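The values are calculated or read from the model by the stated rules, or taken from the named source; none is laboratory data. The structure presented is a predicted model; accordingly, all values stated were derived computationally and were not measured. No Cβ is skipped: glycine too gets one built from the backbone with ideal geometry, and neighbour counts run over all protein chains shown. Heavy atoms of the whole protein, side chains included, go into the accessibility calculation; ligands, DNA and RNA do not. Shrake-Rupley method; radii C 1.70, N 1.55, O 1.52, S 1.80 Å.
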Amino acid sequence: MKWTPAVIERKHVWDQGLFTLTIRAPQVESFKPGQFLQLGYDLPDGHLHRPYSVASPPGELLEFFIVMVEDGRLTPLLWKAQEGDAIDVSMKAAGSFTLDHCPQASTLWLVGTGTGLAPYIAMLRTPEPWLRYQSIVLVHGVRHVRDLAYQKEIAGHQERSDGRFRYVPIVSREACPEGLSGRITTCIENRSLEERCGIEFSKDCAIMLCGNPDMLDDCEALLGARGITKHKKKEPGQIVIERYW
């Protein structure tokens, strides 16, 4: 893997252990929103690195939406990082969780848990989803209301979209006056998610799922029971999945 030296330009803390790093990395090759890059450090016992979806389109400044894993090796180091610190970024992005791999449809569902929001933030900053889909629904599942990041930016999309963009936060461990309470899977199963945004899951949807593997499996099963299936080249469907671990 080829690395490029980069510098942390900004650090925005959303909540304890939940943060966005903006990294200046001008030598990173162009990529598609939804792909991931590796972040890491050269340590005495070897190079420590992990993949992270980029929360911004390609450019000299790249954003990464990160949650600290208490017993992890890398995220505690990233949490301690400060503006001006050096960091390594992989030269080339990877991954197929992009709009290129999504079917044509009237509605684009962007469904994610936790930092699975990152690829959707990147996509929504580009013209492509707005040009390809009549309606866009962003669903973000978290444990606590304080975990809902990028609120100002999301509100801006709502204001500019002339009703084409809907945002539904789903919070599992407390009430969410601005959204739904519970889990994404429960809100799909009881159809409260569809009722909330006034759009049904159907075969005229493109559905992107990103985040917790259990959520992905359960969502795929729930939607599959309704005839909504994974999208493949030889077997067109509706669902595109990105597993975060």
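Below is a table of values for the structure above.
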read-out: Helix-only mean residue ellipticity at 222 nm for the chain, each DSSP H run of n ≥ 4 adding -39500 (n - 2.57), per residue, nearest 500; value: -5500 deg cm²/dmol
read-out: Percent carbon-and-sulfur accessible area, region 93-238, ignoring ligands, DNA and RNA, probe 1.4 Å; value: 46
read-out: Cα-derived Rg to Rh of region 149-218, Kirkwood definition; value: 0.96
read-out: Inter-label distance for Gln27 and Lys92, nm, one decimal - labels placed 7 Å from Cα along Cα-to-Cβ; value: 1.6
read-out: Probe 1.4 Å, accessible area per residue of the chain, Å²; value: 49
read-out: Choice from Val13, Val142, Val54 with maximal GNM fluctuation in the chain (Cα, 10 Å cutoff); value: Val13
read-out: Added length on full extension, which subtracts the Cα-Cα distance from 0.36 nm per residue, Asp15 to Ala175; value: 55.8 nm
read-out: Separation in nanometres of the label points that stand 7 Å from Cα toward Cβ, at Trp3 and Asp214; value: 3.5
read-out: The chain: relative contact order in percent, alpha carbon pairs under 8 Å with at least 6 residues between; value: 18
read-out: Top of Asp42, Asp88, Asp100 by mean-square fluctuation, Gaussian network on the chain, Cα under 10 Å; value: Asp42
read-out: Positive-end residue of Tyr120, Gly141, Leu108, charge dipole of region 46-142 with Cβ unit charges; value: Leu108
read-out: Length added when fully stretched, Lys234-Glu189, from 0.36 nm per residue minus Cα-Cα; value: 13.4 nm
read-out: Alpha carbon centroid spacing (whole Å) that separates region 143-183 from region 36-55; value: 30
read-out: Efficiency of FRET between Gln82 and Arg164 - r from beta-carbon atoms, R0 51 angstrom, step 0.05; value: 0.85
